[in-house]
Amino acid sequence: MTDDSMTLEQWARRVAEALDLGADYPVDIELALDVARDAAHAVMRPAAPLTTLLVGIAAGRAGGDAEAVRRASAAVTALIAETSQAG
């Protein structure tokens, strides 16, 4: 298991199972990492986990499907872009 993406995929499956989402719950790892990276670089490092947590909560409230995650991520990405342009 030296492939980082495979490790993340396996971890995502284990977390999804632990949270009773099911091992086959679709997780867009690349999108989550992109949002975390953008928050860390444009805001501050501790913003990364906080931002991804809030995206997850918002997506869950909006139905929890892949489209809800994309919409929440897009809203945060726009906010990050605004924040970095203003600063």
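The values are calculated or read from the model by the stated rules, or taken from the named source; none is laboratory data. Keep in mind that what you see is a predicted model, and the values were worked out from it rather than measured. Don't worry about glycine lacking a Cβ; one is built from the backbone with ideal geometry, like all the others, and counts go over all protein chains shown. Only protein heavy atoms, including side chains, enter the accessible area calculation; ligands, DNA and RNA are left aside. Shrake-Rupley method; radii C 1.70, N 1.55, O 1.52, S 1.80 Å.
The table below lists the values:
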| quantity | calculated |
| --- | --- |
| Per-residue SASA entry for residue 9, accessible area with 1.4 Å probe, Å² rounded to 10 | 80 |
| Neighbour net charge for residue 14 - beta-carbon separation under 13 angstrom, K R +1, D E -1 | -3 |
| Residue-wise HN-Hα coupling along the range 49-62, computed from phi with Karplus coefficients 6.51, -1.76, 1.60 (Hz; x: Gly, Pro) | x, 4, 5, 5, 4, 5, 4, x, 5, 4, 5, x, 5, 8 |
| Set of the range 22-43 residues, backbone N closer than 17 Å to the point 7 Å along the Cα-Cβ line of residue 13 | 22-30 |
| Taking only Cα atoms of the chain, radius of gyration then Dmax in Å | 13.7, 42 |
| Net dipole in debye of the chain [+1 Lys, Arg Cβ; -1 Asp, Glu Cβ; about Cα centre; nearest 20] | 340 |
